[in-house]
Amino acid sequence: MSSIFYKSGFGLIELMATFVIVSVLLMMGLPMLNNYMEQTRADVRIMQLYNTLLFAHNTALNANQPIIICPTSNRQSCGGSWSGDLMVFTDINHNQRVDSNDRILRILEPNTAGTLTWKGFGSSNYLLFVPYGLNNQQNGTFIYCSPSHQMSLARGIIVNKSGRARLAQVTNQGGIVDGNGQEIKC
């Protein structure tokens with residue numbers, strides 16, 4: 001009696017072919033994944049800032065106190081880059097500094113290496129929301145540019161004099177338009 005044994009499994013040729021196919025698919029997919037991750041970081045950064053602007057506006061109305069949003073390097077006074085930490089605090093004596101009678105309401109830490117700039121009328125180192133909600137004549141646009149400076153990854157928030165914030169319009173080419181209808185360049 002002879003018995004025939006059949007071995008099941010993959011041979012070296014099949015394994016190599018599978019490895020090549022998986023490698024090619026990964027090489028094609030990784031750049032898209034990287035772009036998706038950068039786009040997600042841009043969306044998160046701009047939505048965090050948008051929510052912070054809404055928070056400051058509503059807090060000024062509800063608390064009937066002046067509220068400041070500004071970049072900070074020491075978490076006690078305004079100064080530094082908009083791309084770094086942002087601080088929201090009550091500013092009773094209007095000195096752009098956290099004093100004993102002021103309260104820090106929120107610190108927003110950046111989640112990405114992109115740049116955030118404020119281009120607008122009025123002060124460039126803080127936004128003041130007065131007790132009735134207006135932002136003290138400081139209308140302008142926050143512009144976020146990704147580390148790769150791709151226009152398709154640029155984001156913006158337009159703030160008008162009444163303190164209302166809105167997301168900037170996206171153009172057909174993937175860029176954004178500021179409050180004056182001008183295309184923003186990174």
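The values are calculated or read from the model by the stated rules, or taken from the named source; none is laboratory data. Remember, predicted model here, so these are calculated numbers, not experimental data. Cβ: placed from backbone, ideal geometry, glycine included. Neighbour counts: every protein chain shown.
Points to keep in mind about this one:
- Enumeration of residues in segment 162-184 that are assigned to a loop (DSSP other than H, G, I, E, B) and surrounded by fewer than 15 Cβ atoms within 10 Å (Cβ to Cβ): Ser162, Thr171, Asn172, Gln173, Gly174, Asn180, Gly181, Gln182
- All of Val98, Val88, Val159 fail the test of being among the aliphatic types (A, V, I, L, M), within 19 Å of Leu53 (Cα to Cα), surrounded by 20 or more Cβ atoms within 10 Å (Cβ to Cβ) and touching a Cys at 6+ places or on another chain (Cβ under 9 Å), apart from Val88.
- Looking only at residues of segment 82-105 that are free of Cβ contacts under 8 Å to residues at least 24 places away in the same chain and among the polar types (S, T, N, Q), we find that the one that is farthest from Phe129 (Cα to Cα) is Ser100.
- Just one of the numbered conditions (1) surrounded by 15 or more Cβ atoms within 10 Å (Cβ to Cβ); (2) touching a residue at least 60 places away in the same chain (Cβ under 8 Å); (3) within 16 Å of the chain's Cα centre (by Cα) is not true of Pro147: (1).
- Criterion violated by Ile107 - all others in (1) of a type outside the set (Lys, Arg); (2) modelled with pLDDT of 90 or more; (3) surrounded by 15 or more Cβ atoms within 10 Å (Cβ to Cβ) satisfied: (3)
- Residue in segment 146-160 that is in contact with a helix residue (DSSP H, G or I) (Cβ under 6 Å, 6 or more places away or on another chain), modelled with pLDDT under 90 and among the hydroxyl-bearing types (Ser, Thr, Tyr) present: yes
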